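Engineer: If you scroll down you'll find the structure; I have some questions about it.
Rule-based calculations on the coordinates, nothing more; no lab input. Since the structure is predicted, the reported quantities are computational estimates derived from the model, not experimental observations. Reconstructed Cβ throughout: ideal geometry from the backbone, glycine too, with neighbour counts over all protein chains shown.
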């Protein structure tokens with residue numbers, strides 16, 4: 001009979017745990033409001049007033065500041081809204097991180 005070493009399950013388990021932990025940190029990374037501001041100025045400023053230094057936006061379009069002060073505002077809700085195309089808004093094909101960053105930036109304007 002030939003001796004075959006058994007796989008070291010604890011080694012495989014540890015490697016799997018390390019991989020899972022590293023991936024979960026990527027998913028759980030905090031939103032970046034600075035990056036959200038950059039996105040807003042690039043993609044949203046043609047219609048919305050996205051910052052205090054912007055003078056005009058399109059008529060009948062809420063400013064980001066007004067959106068942030070709405071009692072129903074929630075950065076997570078905005079992220080969900082931005083992930084789905086809407087008739088009045090162009091489909092910008094945002095990633096989840098981009099939508100989360102935009103929500104975080106809008107939240108900073110409530111102050």
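Engineer: Among 109, 102, 94, what is the fewest-to-most ranking by other Cβ atoms within 10 Å?
Structural biologist: Ascending number of Cβ neighbours within 10 Å: 94, 109, 102.
Engineer: Shape verdict for segment 33-108, please, from the Cα gyration tensor: rounded (a/c under 1.5), prolate (a/b greater than b/c) or oblate. Spell out each step's value before the answer.
Structural biologist: Numbers: a/c = 1.27, a/b = 1.18, b/c = 1.08.
Rounded shape, in that the Cα axes give a/c under 1.5.
Engineer: For segment 33-108, calculate the relative contact order in percent as a whole number, restricting contacts to Cα pairs under 8 Å that are 6 or more residues apart.
Structural biologist: 43
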